[in-house]
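Asks: Structure below; questions to follow.
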């Protein structure tokens with residue numbers, strides 16, 4: 001029989017044992033609470049072992065030309081993904097053989113994936129081929145932690161318009177940090193329309209949650225897809241581009257440096273925008289993009305440089321159109337003005353030579369024969385008008401007229417990286433010569449489009465469009481509609497009027513018609529099409545002069561305005577005018593009859609003459 005003291009002993013021991021059990025039970029519960037509620041690591045690891053989160057990348061919006069022809073579309077590709085914490089007991093030899101890499105590359109990429117996240121998927125190998133994808137699907141159970149992520153890449157119906165389309169590339173850390181939409185491995189428009197319309201083209205990503213078994217095999221959607229979200233495809237773009245005309249322009253500019261910009265005057269829609277040398281946009285897609293980009297970037301001919309938007313040249317004699325219109329607006333010349341031309345303009349020890357032509361010249365014949373003397377007299381009388389208190393006021397007034405044509409500024413349309421050109425202010429000359437140290441003769445080279453002035457090819461095409469419209473232009477643009485072909489964008493319908501009266505443009509259009517019929521551009525006349533144009537030969541201190549031509553056609557109801565620049569090709573009438581003539585014939589007639597004329601251009605090459 002137990003004594004009271006022993007009974008008390010066993011009772012105390014029982015309490016101690018129960019206390020110990022309760023203590024460890026509390027510790028165990030507390031640890032479970034920490035692991036399951038406070039610390040997500042184990043829960044995430046467990047979930048990752050049975051759940052696979054797949055980003056449902058949307059199909060990027062397509063691009064169509066103005067005639068409904070498909071230009072840019074998508075093609076399915078696959079990224080090989082890895083979740084590092086699950087990538088264990090991998091037969092690296094078999095794995096590397098399937099992928100065509102060595103073990104050192106495998107280890108490097110696994111280390112990079114671990115540094116990014118042990119539990120989140122990242123790209124191990126981008127854009128694997130369809131054959132590799134099929135091989136991995138068969139052996140995926142042998143490579144735990146790896147899976148294939150479907151996505152799309154750009155494809156191009158024709159190898160044209162690379163500068164216009166632009167290209168896409170992987171987002172960098174700066175974009176990821178500043179835009180919550182993007183994650184590592186996502187792609188974004190880098191240049192061209194891909195950049196300008198990124199938000200419209202990219203669509204909206206979705207998410208698919210899949211169940212996987214112990215052998216890394218997909219066994220179906222999680223919770224019957226209850227938590228999946230569908231991707232929303234990007235919106236299609238309907239371009240103003242005429243794909244056939246664009247391809248023809250690139251063909252004409254092969255083996256040449258320069259550009260073609262063609263615009264529909266009544267709408268400002270760009271029909272063709274050629275920058276040469278060009279490149280095949282397919283080169284900047286997929287796994288070969290980086291290596292091809294480096295090759296294109298190091299090419300001395302600079303095929304990535306968009307000359308149509310970014311090259312800046314003195315406009316040469318083409319600018320006589322602007323100066324003559326300004327002179328008419330200021331009342332210093334009119335249709336009755338006659339100026340003799342002795343073969344050069346000479347004043348104050350400065351001589352500007354002129355080609356031989358009939359004289360005396362008026363507004364029409366000065367443009368027809370590109371008379372330097374008439375242009376110099378008209379320009380000086382414009383900025384030396386007695387109503388101006390000094391030369392600074394005269395040049396400022398002239399400069400404002402020039403701005404009204406779109407020079408010296410960007411158009412603010414849908415074309416990225418456009419440059420503004422150069423129209424210098426009087427302050428520029430004041431800094432060089434002092435406020436009283438210069439006069440109209442100091443800047444006389446501006447009269448013939450040389451000196452301190454720079455224009456871009458798209459600005460020159462816009463000049464032709466302004467004359468075609470008799471005094472206004474709509475900023476050039478490349479996209480006419482988004483998502484539906486009939487949803488014309490209202491943002492590109494505003495007319496920009498120049499500071500010149502319409503009647504003066506009627507006179508100028510007649511003069512430009514004479515250039516092609518009987519003047520410097522007569523070699524490029526098109527039978528059955530009345531074309532107005534102006535030749536230009538741009539002085540180049542580093543080599544052969546640049547050949548320039550602007551034109552529009554037909555004269556009465558213009559459907560196309562164009563600028564052509566051929567670097568290091570000499571006179572504007574020799575090469576730029578024929579190219580513009582062929583482009584106009586192709587667009588209006590949809591075919592070219594002058595095969596010998598066309599072949600002459602196709603055979604020409606100026607790439608051996610460096611600037």
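Asks: Can you confirm whether residue 515 is assigned to a helix (DSSP H, G or I) and surrounded by fewer than 23 Cβ atoms within 10 Å (Cβ to Cβ)?
Replies: Working: assigned to a helix (DSSP H, G or I): yes; surrounded by fewer than 23 Cβ atoms within 10 Å (Cβ to Cβ): no.
No; evaluated as a whole, the condition is false for this residue.
Asks: Which condition from (1) in contact with a strand residue (DSSP E or B) (Cβ under 7 Å, 6 or more places away or on another chain); (2) surrounded by 17 or more Cβ atoms within 10 Å (Cβ to Cβ); (3) modelled with pLDDT under 85 is the one that residue 150 breaks?
Replies: Condition (2) is where residue 150 drops out.
Asks: Please verify whether the range 56-74 includes one or more residues that are in contact (Cβ under 8 Å) with a residue 12 or more places away in the chain and farther than 30 Å from residue 481 by Cβ. Outline the logic, then answer.
Replies: Pass one, the range 56-74, residues in contact (Cβ under 8 Å) with a residue 12 or more places away in the chain: 56-74.
Subset that is farther than 30 Å from residue 481 by Cβ: none.
Within the range 56-74, none of the residues are in contact (Cβ under 8 Å) with a residue 12 or more places away in the chain and farther than 30 Å from residue 481 by Cβ.
Asks: For residue 68, are the conditions met, namely being at positive phi and modelled with pLDDT under 90?
Replies: Values: at positive phi: yes; modelled with pLDDT under 90: no.
Spelling it out, it is not the case that residue 68 is at positive phi and modelled with pLDDT under 90.
Asks: For the range 313-330, which positions are more than 25 Å from residue 564 (Cβ to Cβ) and either out of contact with any helix residue (DSSP H, G or I) (no Cβ under 6 Å at 6 or more places or on another chain) or part of a helix (DSSP H, G or I) (or both)?
Replies: Correct list: 327, 328, 329.
Asks: Which of the residues belonging to the range 162-187 are within 30 Å of residue 249 (Cα to Cα) and touching a strand residue (DSSP E or B) at 6+ places or on another chain (Cβ under 7 Å)?
Replies: Answer for the range 162-187, where residues must be within 30 Å of residue 249 (Cα to Cα) and touching a strand residue (DSSP E or B) at 6+ places or on another chain (Cβ under 7 Å): 163, 164, 165, 166, 168, 169.
Yes/no per residue for (1) crowded, with 24+ Cβ neighbours inside 10 Å; (2) at positive phi; (3) not in a strand (DSSP E or B):
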| position | (1), (2), (3) |
| --- | --- |
| 519 | no, no, yes |
| 535 | yes, no, no |
| 544 | no, no, yes |
| 552 | yes, no, no |
| 557 | no, no, yes |
| 563 | yes, no, no |
| 579 | yes, no, yes |
| 592 | no, no, yes |
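Asks: Exactly one condition in (1) within 30 Å of residue 427 (Cα to Cα); (2) buried (at least 20 other Cβ atoms within 10 Å of the Cβ); (3) touching a residue at least 60 places away in the same chain (Cβ under 8 Å) is false for residue 496; which is it?
Replies: Result: residue 496 passes all but (2).
Asks: Something else: Please count how many residues of the range 242-256 are farther than 22 Å from residue 569 by Cα and either in a loop (DSSP other than H, G, I, E, B) or out of contact with any helix residue (DSSP H, G or I) (no Cβ under 6 Å at 6 or more places or on another chain) (or both). Break it down stepwise before answering.
Replies: So in the range 242-256, the residues farther than 22 Å from residue 569 by Cα come out as 242-245.
Narrowing the set further to residues that are either in a loop (DSSP other than H, G, I, E, B) or out of contact with any helix residue (DSSP H, G or I) (no Cβ under 6 Å at 6 or more places or on another chain) (or both) leaves 242-244.
Number satisfying all stated conditions: 3.
Asks: Same structure again: Based on what the data block shows, is residue 333 in the same structural domain as residue 422 (by TED's automatic domain parsing), in contact with a helix residue (DSSP H, G or I) (Cβ under 9 Å, 6 or more places away or on another chain) and outside any loop (DSSP other than H, G, I, E, B)?
Replies: Working: in the same structural domain as residue 422 (by TED's automatic domain parsing): yes; in contact with a helix residue (DSSP H, G or I) (Cβ under 9 Å, 6 or more places away or on another chain): yes; outside any loop (DSSP other than H, G, I, E, B): no.
No.
Asks: Does the range 208-225 contain at least one residue that is modelled with pLDDT under 90, not in a loop (DSSP other than H, G, I, E, B) and not assigned by TED's automatic domain parsing to the domain that holds residue 76?
Replies: Within the range 208-225, the subset modelled with pLDDT under 90 is 208-225.
Adding the requirement that they be not in a loop (DSSP other than H, G, I, E, B) leaves 208-212, 218-225.
Then keep just the ones that are not assigned by TED's automatic domain parsing to the domain that holds residue 76; that gives none.
For the range 208-225, residues modelled with pLDDT under 90, not in a loop (DSSP other than H, G, I, E, B) and not assigned by TED's automatic domain parsing to the domain that holds residue 76: absent.
Asks: What residue, of 192, 206, is farther than 22 Å from residue 84 by Cα, in contact (Cβ under 8 Å) with a residue 12 or more places away in the chain and under 22 Å from the mean Cα position of the chain (by Cα)?
Replies: Working: 206 fails: under 22 Å from the mean Cα position of the chain (by Cα).
Step by step, each of 192, 206 is checked, and only 192 is farther than 22 Å from residue 84 by Cα, in contact (Cβ under 8 Å) with a residue 12 or more places away in the chain and under 22 Å from the mean Cα position of the chain (by Cα).
Asks: Taking the conditions exactly as written (within 22 Å of residue 306 (Cβ to Cβ) and at pLDDT below 95), does residue 462 satisfy them or not?
Replies: For residue 462, the condition - within 22 Å of residue 306 (Cβ to Cβ) and at pLDDT below 95 - is not met.
Asks: Can we say residue 109 is in a helix (DSSP H, G or I), within 35 Å of the chain's Cα centre (by Cα) and surrounded by 16 or more Cβ atoms within 10 Å (Cβ to Cβ)? Quick ask: steps written out before the conclusion?
Replies: Values: in a helix (DSSP H, G or I): yes; within 35 Å of the chain's Cα centre (by Cα): yes; surrounded by 16 or more Cβ atoms within 10 Å (Cβ to Cβ): yes.
Taking the combined requirement at face value, the residue satisfies it.
Asks: Follow-up question, since we're still on this one. Confirm whether residue 123 is outside any loop (DSSP other than H, G, I, E, B) and buried (at least 18 other Cβ atoms within 10 Å of the Cβ).
Replies: On the way: outside any loop (DSSP other than H, G, I, E, B): yes; buried (at least 18 other Cβ atoms within 10 Å of the Cβ): yes.
So residue 123 passes the test.
The values are calculated or read from the model by the stated rules, or taken from the named source; none is laboratory data. A quick note: this is a predicted structure, and the numbers were derived from the prediction, not measured. Every residue, glycine among them, receives a Cβ derived from its backbone with ideal geometry; neighbour counts consider all protein chains shown.
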